[in-house]
Amino acid sequence: MWINGINSYGSGYYNYQAAINNARLVQALSRNPKLSEITETVAPANSSLSDSFSFVKEYTSSMSSLMQAASELKGASSSASAVNDLAVTSSDTDVAAVTERLPVRNYSEYVLDVSQTARAQVNVSDAVTASGTASADMDFTVSGSLGTASVQVSSTYDDGTAKTNGTMLREAASQINSQNAGVRASVIEENGEASLRLESLNTGEVYGFRAEGEFGAASGADQVQTAAQNAEYSVTENGITRSYTSSGNSVTIGAGRIGVDLKGTGEVTIRSEMDQEKVSSALQDLVSSYNSALKVLNDNYGRGTGVDRQLRNLVRGLGSEQSLEKIGITVNKDATLEFDADVFASSMEKEPSLVRSIISGAGGVADTAFNKASGGMNVNSSSLINNDVAQAQYELMNSPFNVMGMYSRNSAYLQNNFYAVGIMMNYLI
C-alpha cells in the first residue's frame, strides 16, 4: 500500500525520512553565521570552453579580414578594387600633363608626339616714353573672332592740355577690353617706356585678329609679334599612328577618357595602369592581415585539428620568394611577411606588366591569399576546438564533484550521507 509516496516495504520510508532529516539540517545550519560566511565566498566557475568560443570568433574575424584585403587586389574583383581603379601617367609632364576625364578600366599605352603647341596671336606696339607728351590722336579698330573693337582717344583733355603717351595707351586698352572682340589689351611699362600689347583670348588660327587705323602712341600695334597657330600632334596606339590638329592645347585620347594638356614639343608615353599609391597601400594591408591571421593561428596551435591544418596551409606562403620580392614582399624566418613600398615602386616603373601579373593575375598573390582565407572560413568550427572539447570532457569525467554526483544519484542513502557530511564539515571548519 502506498501512503504519500511511502510504500509498505520500508525502504521508501527510509528514503522519505532521510530527505526530511536533510531538510531540517539545512534549515538549522543556514542560520549559522559561520556557514553564511563560507557560502558567500563560493563563486560560480566559468565554463572551461569560454576561451575556446572567443578564439573561434577571433579566428573568423582574422580570416574575414584576410579575404577582404586580398579581394582589394584581385583582378576579377569589382571596379572598386585597387588594381581596377587605374591611374593615368605621363613620362614627361613638361611635354604633356594628363588627367582622367572618365573612369579608365583598361590597361593601355599611347605614344604622343607633339610637333607644335597651339598659340594665341600677340601684337605689341613700339615702345614710347611713358611720360612723354602724346603727339597724335588714336583712331583704329581691332577685329577679332567675336567682333570688332573701335578705339578713339584724343591726345588732349577737354581743357586742351596734352596727355602723356602712357595715358593714351591705358585709355586705348580700356576701350578695347570693354568691347567684346575676343582680344585682351594691356599696357607694358618698363624702364620708363610703355607699349600696347594685344593678345587673342583663345589659341588657334581661327582666333587670330587684325588691327587697322591711326595708332598714335600705339604705333606698330598692327604688327604681329606671335602668330596664332594650331597644335599639331600624333598618337600611336597598338602600332597605329594617327595625326591631329587642335586650336587648343587641351585635347583627349583614349575615346575621350584621358585628358591631355599639351605643354611643349617632344615625345611622351602615356599609360593607364594601376594606381601605384593605392596598390601599395592595399599590399601593405594584405601583409598586415596575413601576419595577423598567422599570429592568431600560431598563438592557438593545438586547440584543434582545424587550426593545425590552416596554420600549415598559411605558412606555405603566397607565392615563390622570387615573385614576392619582385613586388617588395619578403618572407621572414617565422613565416611572417614584410612589405617595402620603395621596392614595389621601382618594380612598377621597370616591369609594370609583370608586377600586375604577380599581384592580380590568375594564381597570383591576391588569388592565393583569398583562396587560403576562404578555405579557412569553410573549416568546420568544431575542428578548430576539438582538442579543447576533448580536454574539457576528460576534466568533467574525472571531476570529484562528478564522481560524487554519479554515486549520489543512485541511492538516497548515499545522497543523504554525502550531503549531510558535507554540511557538517562546513559547520565544523
* To do: From the list Val355, Val343, pick out the single residue that is assigned to a helix (DSSP H, G or I) and touching an Asp or Glu at 6+ places or on another chain (Cβ under 8 Å).
  => Val343
* Asked: Take the residues of the range 86-103 that are in contact with a Gly (Cβ under 7 Å, 6 or more places away or on another chain) and surrounded by 14 or more Cβ atoms within 10 Å (Cβ to Cβ): which is nearest to Thr269 (Cα to Cα)?
  -> Asp92
* Taking interchain pairs and intrachain pairs at least six residues apart, which have beta carbon atoms under 9 angstrom, with the first residue in the range 50-66 and part of a helix (DSSP H, G or I) and the second crowded, with 16+ Cβ neighbours inside 10 Å and among the aromatic types (Phe, Trp, Tyr)? -> Leu66/Tyr290; Leu66/Phe370
* Structure fact -> In the range 52-73, residues that are small (Gly, Ala, Ser) and either in contact with a Cys (Cβ under 7 Å, 6 or more places away or on another chain) or farther than 19 Å from Gly319 by Cβ (or both) total 6
* Residues being among the small types (Gly, Ala, Ser), more than 21 Å from Ser246 (Cβ to Cβ) and either in contact with a Cys (Cβ under 9 Å, 6 or more places away or on another chain) or in contact (Cβ under 8 Å) with a residue 60 or more places away in the chain (or both): count how many of those fall in the range 176-218. => 8
* Filter the range 227-249 down to residues that are exposed (fewer than 14 other Cβ atoms within 10 Å of the Cβ), outside any loop (DSSP other than H, G, I, E, B) and not aromatic (Phe, Trp, Tyr), then give me how many there are. => 4
* Asked: Hey, does the range 204-226 have a residue that's at pLDDT 95 or above, surrounded by fewer than 20 Cβ atoms within 10 Å (Cβ to Cβ), of a type in the set (A, V, I, L, M, F, W, C) and touching a Leu at 6+ places or on another chain (Cβ under 8 Å)?
  -> no
* Please give the number of the condition Leu297 fails out of (1) farther than 21 Å from Leu73 by Cβ; (2) surrounded by fewer than 22 Cβ atoms within 10 Å (Cβ to Cβ); (3) modelled with pLDDT of 85 or more; (4) not small (Gly, Ala, Ser). => (2)
* **Output for the range 289-308, where each listed residue is among the small types (Gly, Ala, Ser) and not in a helix (DSSP H, G or I)** => Gly302, Gly304
* To do: Any chance you could count how many residues in the range 320-371 are surrounded by 18 or more Cβ atoms within 10 Å (Cβ to Cβ) and touching a Leu at 6+ places or on another chain (Cβ under 6 Å)?
  => 7
* When Leu286 is evaluated against the numbered criteria (1) outside the structural domain of Lys333 (by TED's automatic domain parsing); (2) assigned to a helix (DSSP H, G or I), which criterion, by number, is the only one it fails? -> (1)
* To do: For Thr330, work out the one condition from (1) polar (S, T, N, Q); (2) under 22 Å from the mean Cα position of the chain (by Cα); (3) not in a helix (DSSP H, G or I) it doesn't fulfil.
  => (2)
* Would the range 71-85 turn up any residue that is more than 53 Å from the chain's Cα centre (by Cα) and either surrounded by fewer than 19 Cβ atoms within 10 Å (Cβ to Cβ) or aromatic (Phe, Trp, Tyr) (or both)? -> no
* **Which listed residue is in contact with a Phe, Trp or Tyr (Cβ under 6 Å, 6 or more places away or on another chain) and either assigned by TED's automatic domain parsing to the domain that holds Ser71 or under 17 Å from Ser65 (Cβ atoms) (or both), from Gly328, Gly319** => Gly328
* Asked: Looking at Asn298, is it outside the structural domain of Ala373 (by TED's automatic domain parsing) and either within 32 Å of the chain's Cα centre (by Cα) or under 14 Å from Asp113 (Cα atoms) (or both)?
  -> no
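If the requirement is being in contact with an Asp or Glu (Cβ under 7 Å, 6 or more places away or on another chain), under 15 Å from Ser219 (Cα atoms) and modelled with pLDDT of 95 or more, which of these qualifies: Ala172, Ala127?
Within the list Ala172, Ala127, the selection yields Ala127.
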* Working only within the range 191-219, note down all residues that are of a type in the set (A, V, I, L, M, F, W, C), part of a strand (DSSP E or B) and over 13 Å from Val151 (Cβ atoms). => Ala194
* Counting only residues that are polar (S, T, N, Q), under 17 Å from Ala134 (Cβ atoms) and in a helix (DSSP H, G or I), how many does the range 160-190 have? -> 4
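The values are calculated or read from the model by the stated rules, or taken from the named source; none is laboratory data. Not measured: the values here are computed from a predicted model. Neighbour counts run over all protein chains shown; Cβ positions are idealised from the backbone, glycine included.
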